[in-house]
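What follows is a single structure, written as C-alpha cells, with notes after it.
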Amino acid sequence: MIEGTRILIVDDNPEVINILADFLSLNDCEIYKATCGKEALDMLDKKDVEIVILDVQLPDMNGISLIDTIKVSKPTTAIIMATGYYDPNFVIDAMKKGASDFLLKPFELDKLMLVMMRVLRERNLLIEKENILHNLEDKKKIEHLNRELQKKIKELTTMYHISNKFNSINIFDDVYEKMVHIVGEILDVNSCGYYMPDREAGELILYAGHTKNGENPKSDWQRISLTEDFDREARAARKHIVRDNRVYLPLVIQGESIGFIMAEAKQNGARGARSLENDVFFLKLIADKASTQIENRMLYESLFENILHTLRSLIVAITKRDLYTEGHCKRVTNMSLALGDRLCINEYERDVIRVVGPVHDLGKIGIPDSILLKPDRLSDDEYSVMQSHSIYGEEIMSRFEILAKEAKIIRHHHERYDGKGYPDRLSGEEIPMCSRLIAVCDAYDAMVTDRPYRKALGIEEIVAEITRCSGSQFDPAISRAFADVVRDGYES
C-alpha cells in the first residue's frame with residue numbers, strides 16, 4: 001500500500017534512521033536520509049519527496065520550525081513528526097503548521113505503517129484537489145473530488161466512531177467481546193469473531209462471535225483448522241490473511257500475536273473477500289485500539305496488584321503488633337460482601353469493598369502500642385488518638401493516585417448517619433455507600449468478638465443493638481438488611 005513512496009527520514013540519531021530505512025525499504029519505499037535541518041532542506045531541493053518523517057529535536061534547528069519552510073516550497077509534502085518527549089504544545093504547534101501526525105518514540109513499526117497509509121491517502125487527495133482547482137472548467141474532476149471528499153468525510157467519521165466506542169469501554173467490560181461487536185457494527189459484515197490459537201491441537205478456537213442477524217455462531221466456525229502455512233504467514237507478515245470468504249488479522253500484544261480477528265463478507269454478491277479487503281484499514285485500526293486497551297489494562301492490573309500487596313504488607317506489620325486486626329479485617333470484608341449482595345450493590349461497589357475491606361484499619365499502624373494494645377477501655381484522650389487511624393489510613397492509601405476514591409472510604413468508615421461521627425461529621429448520604437456498609441459490619445464484628453475488657457454479645461443482642469442505633473449511628477436501610485442477613489443464618 002506504500003510501495004514506491006519517496007520518504008525522507010530526518011533524525012539526529014543515525015541508528016533511528018537506519019532502523020526506519022531498513023523497515024521501509026522492505027516495503028519497497030525509496031529512502032532519503034538527513035541528520036540535521038540543513039541536510040533535509042538540501043535533499044528536498046534535489047528530490048521529489050512525498051513524506052518526511054521529522055524529529056522534533058535537531059542539532060541545528062527545531063523540527064517544528066522546519067515545517068513552515070517545507071510547506072512553503074512543498075505544500076503537498078506530508079510530514080510525520082516524531083519525538084521522545086511528549087509535550088501537548090509541540091503537538092498543537094506541529095498540527096497548526098501542517099503536520100499530518102505526531103508519533104511518540106519508541107513507536108511500533110506497525111503503527112507507523114498505519115499512519116503512513118493514512119497520510120498518503122490525505123496527500124493524494126490534496127494533490128488531486130489542487131490539480132482540479134487549476135482547471136475549474138473540468139466538471140468531471142470537480143464531481144470526482146466531491147465524491148472523494150464525501151468518502152473522506154465518511155472515513156473520518158468512521159474513525160471517530162471507532163475511537164469513541166473504545167473510549168467508552170469501562171474496566172468491567174470484556175475488551176475482546178467489545179472489539180468483536182465493534183467490528184460487526186462498523187464493517188457491517190455477515191459475521192465476525194475473535195479466535196484464540198491452540199497450537200498443540202492445530203486449531204483456532206472461537207472466544208467471542210457476532211452475527212448480523214443475531215443468531216448464535218454456527219458450529220462450522222466454532223473451531224477452525226490452524227494450518228502450518230496459515231500460522232507461519234501470520235507470524236512472519238503480521239498482516240491480514242484471506243481464506244475463502246473471510247479475512248483474518250492477528251491481534252498483537254507487546255510484539256506477540258495472541259489471537260485473530262475474523263471478518264466474514266456477505267455472500268450475496270454485494271461484498272466478497274476482495275471487497276472486504278477495502279475495510280482492512282478499519283480492521284487494523286480496531287485491532288490497534290484493542291491492543292492498546294488490553295496493554296493498558298494489563299499494566300493497570302499489575303500496578304494495582306503491586307499496590308495492594310504493599311498495603312497488605314502494612315496490615316501484616318500491624319498484625320505483628322495486634323493479632324485481632326488481621327482476622328477482624330477479613331471478617332468485616334466477608335460480612336460487607338454478604339450484606340452488599342442483600343442490598344444489590346453494583347459490581348464497582350463490590351470491587352471497592354474487596355479492596356478496602358482487608359485494609360480498612362490500615363491507619364492503625366500510626367497508633368502507639370500503649371493505646372492500640374491496651375487491654376482496658378480507652379480514656380477520652382486515648383480514644384481521640386485512636387480515632388486518628390481513619391485519617392492515617394486515608395493518608396497512606398491516597399499516596400497511590402489510582403486508589404484516591406478507595407482512600408475516602410477508609411476515611412469515612414467511622415462517620416455516623418446522624419452526623420456525630422468522625423473525622424468529618426458527615427451525615428446521611430453524604431457518607432459514601434461503602435463506608436456506611438463497612439461501619440455496620442465493623443460494629444457487628446466488634447460485638448461478636450471477645451475482647452479483653454468484655455465478652456462477645458449474642459446474635460439477638462447484636463441485632464437489637466444495631467436496630468436501636470438505626471437512623472442515629474447507622475443507615476436505616478443497611479441496618480434492616482443486616483438484621484435479615486444475620487437472621488438468615490450468616491456465619492462469619
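Throughout, read-outs are computed from the coordinates displayed, never taken from laboratory work. Nothing here was measured: the structure is a model prediction, and the numbers come from that model. Quick reminder, even Gly has a Cβ in these numbers, built from the backbone with ideal geometry, and neighbours come from all protein chains shown.
Helix-only arithmetic for the chain: the sum of -39500 (n - 2.57) across DSSP H runs with n ≥ 4, divided by the residue total, places the mean residue ellipticity at 222 nm at -17500 deg cm²/dmol. As a proxy for reagent exposure, Lys289, Lys154, Lys330 were ordered by neighbouring Cβ count within 10 angstrom, fewest first; the result is Lys154, Lys330, Lys289. In the chain, the longest principal axis of the Cα atoms and the axis of helix 14-26 are about 70 degrees apart. Scanning residues 5 or more positions from Phe474 or on other chains, those with amide H under 5 Å from its amide H are Tyr417, with H placed 1.01 Å from N in the peptide plane. With respect to the chain, whose longest principal axis is taken over its alpha-carbon atoms, helix 476-487 is tilted by about 70°. Distances between placed amide hydrogens fall under 5 Å for Ala456 paired with Asp450, Arg451, all partners being 5 or more residues away or on another chain. Multiplying the residue separation of Leu378 and Asn167 by 0.36 nm and subtracting their alpha-carbon distance yields 70.8 nm. Looking at the chain, the DSSP beta bridges with both ends there are about 60 percent antiparallel.
Each label was represented as a point 7 Å from its Cα along the Cα-to-Cβ direction; for Arg6 and Asp351 these points are 5.3 nm apart. Where does helix 433-448 land angle-wise versus the long Cα axis of the chain, in degrees 0 to 90, nearest 10? Taking the Cα atoms of the chain, the angle to 433-448 is about 30 degrees.
Note on Leu156 and Lys74: the extension gain reaches 27.0 nm, defined as 0.36 nm multiplied by sequence separation minus the Cα-Cα distance. Among the GluC sites (Glu not before Pro) in region 1-72, those placed in a DSSP loop whose Cβ has at most 12 other Cβ atoms within 10 Å are Glu3. Relative contact order of the chain, taken over Cα pairs closer than 8 Å and 6 or more residues apart, is 7 percent. May I ask you to list the GluC sites (Glu not before Pro) in region 148-205 that are in a DSSP loop and have at most 10 other Cβ atoms within 10 Å of their Cβ? In loop regions of region 148-205 (DSSP not H, G, I, E or B), the sparsely surrounded GluC sites (Glu not before Pro) are Glu200. For region 1-107, just say rounded, prolate or oblate: build the C-alpha gyration tensor, square-root its eigenvalues into a ≥ b ≥ c, call rounded for a/c under 1.5, and beyond that prolate if a/b exceeds b/c, oblate if not. Judged from the Cα gyration tensor, region 1-107 comes out rounded (a/c under 1.5).
Here the simple spin-label model places points 7 Å from the Cα toward Cβ, and for Glu200 and Cys344 these points are separated by 4.4 nm.
Summary of packing: across the peptides 366-373, 295-302, the per-residue average of other C-beta atoms within 10 Å ranks them, highest first, as 366-373, 295-302.
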